[in-house]
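The values are calculated or read from the model by the stated rules, or taken from the named source; none is laboratory data. Computed from a predicted model, the values in this text were never measured in an experiment. A quick note on method: Cβ atoms are made from the backbone with ideal geometry, for glycine too, and the neighbour counts reach across all protein chains shown.
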Amino acid sequence: MRITCPHCGPRDLAEFYYWGDATRTMPELGSADEAAWLAHVYDRPNPRGHHREHWQHLGGCRAYLVVGRDTATHEIFSIIFARDAAREPSK
Amino acid sequence: MAEYSAFQLLKHALTGNTGWKQAWRKAEPKPEYDVVIIGGGGHGLATAYYLAKEFGITNVAVVEKSWLGSGNVGRNTTAIRSNYLLPENQHFYELSMKMWETLSHELNYNVMFSQRGVINLGHNPAQMDAYARRGNAMRLNGIDAELFTREEVEHILPGINMSRSARFPIEGGLMQWRAGTARHDAVAWGYARGADRRGVDLIENCEVTGFLRDGETITGVKTVRGDIRARKVAVAVAGSTGHVLNLAGINRFPIESHVLQAFVSEALKPVINTVATFGGGHLYFGQSDKGGLVFGGDIDGYNSYASRGNLPVVEDVMSEFMALFPNLGGVRLLRSWGGIMDMSMDGSPIIDIGPIPGMYLNCGWCYGGFKATPASGLCFAHTIAKDEPHPLIKPFALDRFKTGRMIDDKGQGATPRWH
């Protein structure tokens, strides 16, 4: 697997650190909603197919990335900076 | 039915090996069963076997997407041990260990269980303290454990790098002598034959594509070979748990699927006579009876349902092996493979009734499922037959994440890839 960092170009997998599922949203820190916290901490969609996930180019520019990848084939569809993903509405 | 006695071997050798019978029938799916088990791997087959043998439930089908034992039970590093720290794990895996000790007799099938010992190597005082603590915890619960000195390690692993100038010099280890290995395919085949003889239908090439529902309740499975109704549907699909639960409409669950690679070298004369783990990184290794070095390390670390890994882990595992056995650097690798692991949030399995009415779930084995096969089958069969969790698996209920009773042997927290 190679990941094309938007800043550094195509790089070896070994340069990247995997942070996991990027679809989870943390409840408000003051929230006392147990079900929401349970889901956030323990539950994962774990799809076979398209998966949205966080990677970091730790051995390069250190940028946080949001990668769209197929978990059944390891094919990568999209790579954007996490800061850009965070600015997208309704995530 | 096939029997593999010395007399049969001789008879068939003299008659050109043409008279061997198939070990199990090629069953056609019936429209309805009492129990349908999804997954013809070790756990599914063992569950079917114990349902029939211990609980008299023989109207059972095992539906398998591919051929029996084509998943992780047919390709793993075969280590069997019960050297856990936490009592819930100790009691469960020790039951499994005791079942392994008599399994070949139980199945009348030689699973080649070899109690050659499993040793965790320690490389610093803190690690040796942790091993002493775990060994004492094991012994308190009646499980054998022995703390090895550096000299004792050298004695049982004569080829290993004992250099004091190594990056992670070996200080000792924690040995469980009763632990060891087994012939993995034989386990699947033995359980399959035993279940088949008691009337269980083993249906291969029968992928489940959905579930039959009556309102919320599961009433059977849709398969590529037609619908099969069942009073109870048991799911034992290891790495495919997320996918199968998805088919049932469950889109969030405390499991992530990851790929784990393993490696076999060309055959050598006996050089490693035990199973050992490297404590300076993550590596476990042994030598098969055929002579190949069998070893593996970490999972690749990213979500995957692809049965193949990537090169960074290969390099990592090889470098760790070289740290321990620089003398084996010239040995060539014969093959490697990747299997999909159902990594749970606390590193322990989930066996429970539910999460949907009519469904029974057995998953979350991370990459330690093989050694659990007998106890998992027995306890899961008990749970299905009596509609009540077996006492030993009550702690492995799904609601432990909600109640905070996690069984996290390594103390890693809710990051599946670290377990």
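State which residue is surrounded by the most Cβ atoms within 10 Å (Cβ to Cβ) when the search covers only region B:292-316 and only residues that are aromatic (Phe, Trp, Tyr) and at the interface with chain A (Cβ under 9 Å from one of its Cβ atoms).
Within region B:292-316, the subset aromatic (Phe, Trp, Tyr) is B:295, B:302, B:305.
Filter once more, keeping what is at the interface with chain A (Cβ under 9 Å from one of its Cβ atoms): B:302, B:305.
Numbers: B:302: 25, B:305: 22.
Of everything passing the filter in region B:292-316, B:302 is surrounded by the most Cβ atoms within 10 Å (Cβ to Cβ).
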Worksheet item: How many of the residues making up region A:6-46 are in contact with a Gly (Cβ under 6 Å, 6 or more places away or on another chain) and either under 16 Å from residue B:401 (Cβ atoms) or hydrophobic (A, V, I, L, M, F, W, C) (or both)?
Response: 2
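Table: residues versus (1) within 30 Å of residue B:128 (Cα to Cα); (2) of a type in the set (A, V, I, L, M); (3) touching an Asp or Glu at 6+ places or on another chain (Cβ under 9 Å).
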position	(1), (2), (3)
B:149	yes, no, yes
B:177	yes, no, yes
B:187	no, yes, no
B:191	no, no, no
B:205	no, no, yes
B:233	no, yes, no
B:239	no, no, yes
B:249	no, no, no
Item to complete: Mind listing whichever residues of region B:317-346 are within 14 Å of chain A (Cβ to nearest Cβ) and closer than 24 Å to residue B:37 by Cα?
Response: B:340, B:341, B:342, B:343, B:344
Worksheet item: Could you say which residue among A:82, A:72 is within 14 Å of chain B (Cβ to nearest Cβ) and either surrounded by fewer than 15 Cβ atoms within 10 Å (Cβ to Cβ) or within 29 Å of residue B:346 (Cβ to Cβ) (or both)?
Response: A:72
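For region A:60-78, give me each residue that is in contact with a strand residue (DSSP E or B) (Cβ under 8 Å, 6 or more places away or on another chain), in contact (Cβ under 8 Å) with a residue 24 or more places away in the chain and under 22 Å from residue B:417 (Cα atoms).
Of the residues in region A:60-78, the ones in contact with a strand residue (DSSP E or B) (Cβ under 8 Å, 6 or more places away or on another chain) are A:60-71, A:75-78.
The next check asks that each one be in contact (Cβ under 8 Å) with a residue 24 or more places away in the chain; those that pass are A:60-61, A:63-67, A:71, A:76-77.
Matches in region A:60-78: A:63, A:64, A:65, A:66, A:67, A:71, A:76.
Do you know which of the residues in region B:325-357 that are among the β-branched types (Val, Ile, Thr) and part of a loop (DSSP other than H, G, I, E, B) is farthest from residue B:388 (Cα to Cα)? Talk me through it step by step, then tell me what you get.
Initial filter on region B:325-357 (among the β-branched types (Val, Ile, Thr)): B:331, B:340, B:350-351, B:353, B:356.
After this cut, where a residue has to be part of a loop (DSSP other than H, G, I, E, B) as well, the list is B:331, B:356.
Numbers: B:331: 51, B:356: 15 Å.
This residue is B:331.
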Practice prompt. Determine whether region B:153-167 contains at least one residue that is in contact with a helix residue (DSSP H, G or I) (Cβ under 8 Å, 6 or more places away or on another chain), crowded, with 22+ Cβ neighbours inside 10 Å and either of a type in the set (S, T, N, Q) or assigned to a strand (DSSP E or B) (or both).
Written response: no
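In the list B:203, B:255, which residue meets the criterion of being in contact with a Pro (Cβ under 7 Å, 6 or more places away or on another chain) and either crowded, with 16+ Cβ neighbours inside 10 Å or within 14 Å of chain A (Cβ to nearest Cβ) (or both)?
Unique residue meeting the criteria: B:203.
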Fill in: Failed condition for residue B:373, given (1) within 19 Å of the chain's Cα centre (by Cα); (2) within 29 Å of residue A:36 (Cα to Cα)
(2)
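Working carefully through the options B:354, B:329, B:280, B:358, find the one that is under 23 Å from residue B:393 (Cβ atoms), surrounded by fewer than 23 Cβ atoms within 10 Å (Cβ to Cβ) and modelled with pLDDT under 95.
Answer to the check: B:354.
With the requirement that a residue be in a helix (DSSP H, G or I) and buried (at least 24 other Cβ atoms within 10 Å of the Cβ), what does region B:171-189 give you? Talk me through it step by step, then tell me what you get.
Going through region B:171-189, the residues in a helix (DSSP H, G or I) turn out to be B:184-189.
B:187, B:188 - these are the residues of region B:171-189 that are in a helix (DSSP H, G or I) and buried (at least 24 other Cβ atoms within 10 Å of the Cβ).
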Worksheet item: If a residue has to be under 26 Å from residue B:324 (Cβ atoms), touching a residue at least 60 places away in the same chain (Cβ under 8 Å) and within 24 Å of the chain's Cα centre (by Cα) to count, how many in region B:98-142 make the cut?
Response: 10
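To keep it simple, each residue is scored yes or no on (1) closer than 14 Å to residue B:302 by Cβ; (2) within 13 Å of chain B (Cβ to nearest Cβ); (3) charged (D, E, K, R).
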| residue | (1), (2), (3) |
| --- | --- |
| A:3 | yes, yes, no |
| A:11 | no, yes, yes |
| A:15 | yes, yes, yes |
| A:20 | yes, yes, no |
| A:31 | no, no, no |
| A:36 | no, yes, no |
| A:42 | no, yes, no |
| A:46 | yes, yes, no |
Worksheet entry | All strands (runs of 3 or more DSSP E) inside region B:217-300 with 2 or more residues being closer than 18 Å to residue B:206 by Cα | B:217-223, B:226-235
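Evaluate region B:204-223: report whether one residue or more is basic (Lys, Arg) and under 28 Å from residue B:43 (Cα atoms). Full working, then the answer.
Our first condition is that a residue be basic (Lys, Arg); within region B:204-223, this holds for B:213, B:222.
This time we only want the ones that are under 28 Å from residue B:43 (Cα atoms), so: B:213, B:222.
Yes: one or more hits.
Rundown of residues vs (1) under 19 Å from residue B:311 (Cβ atoms); (2) over 17 Å from the mean Cα position of the chain (by Cα); (3) part of a loop (DSSP other than H, G, I, E, B); (4) hydroxyl-bearing (Ser, Thr, Tyr), yes/no style:
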position: A:3; (1), (2), (3), (4): yes, no, no, no
position: A:30; (1), (2), (3), (4): no, yes, yes, no
position: A:37; (1), (2), (3), (4): no, yes, no, no
position: A:46; (1), (2), (3), (4): no, no, yes, no
position: A:54; (1), (2), (3), (4): no, no, no, no
position: A:80; (1), (2), (3), (4): no, no, no, no
Fill in: Residue satisfying condition, being in contact with a Pro (Cβ under 6 Å, 6 or more places away or on another chain) and either at pLDDT below 95 or crowded, with 18+ Cβ neighbours inside 10 Å (or both), within set A:29, A:13, A:65
A:13
Response to the item:
Among helices (runs of 4 or more DSSP H) entirely inside region B:4-105, those with 3 or more residues being modelled with pLDDT under 95 and among the hydrophobic types (A, V, I, L, M, F, W, C) are B:6-14
Worksheet item: Taking region B:361-405, which residues are of a type in the set (D, E, K, R) and either surrounded by 20 or more Cβ atoms within 10 Å (Cβ to Cβ) or under 26 Å from residue B:338 (Cβ atoms) (or both)?
Response: B:371, B:400
Worksheet, complete the sentence: Considering region B:221-247, residues that are under 21 Å from residue B:372 (Cα atoms) and not β-branched (Val, Ile, Thr), and then whichever is farthest from the other protein chains (Cβ to nearest Cβ), we arrive at B:234
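Among the listed residues B:249, B:220, identify the single one that is loosely packed, with under 15 Cβ neighbours inside 10 Å and more than 26 Å from the chain's Cα centre (by Cα). So that I can check it myself, show each step before the final result.
Values: B:220 fails: loosely packed, with under 15 Cβ neighbours inside 10 Å.
On inspection, the qualifying residue turns out to be B:249.
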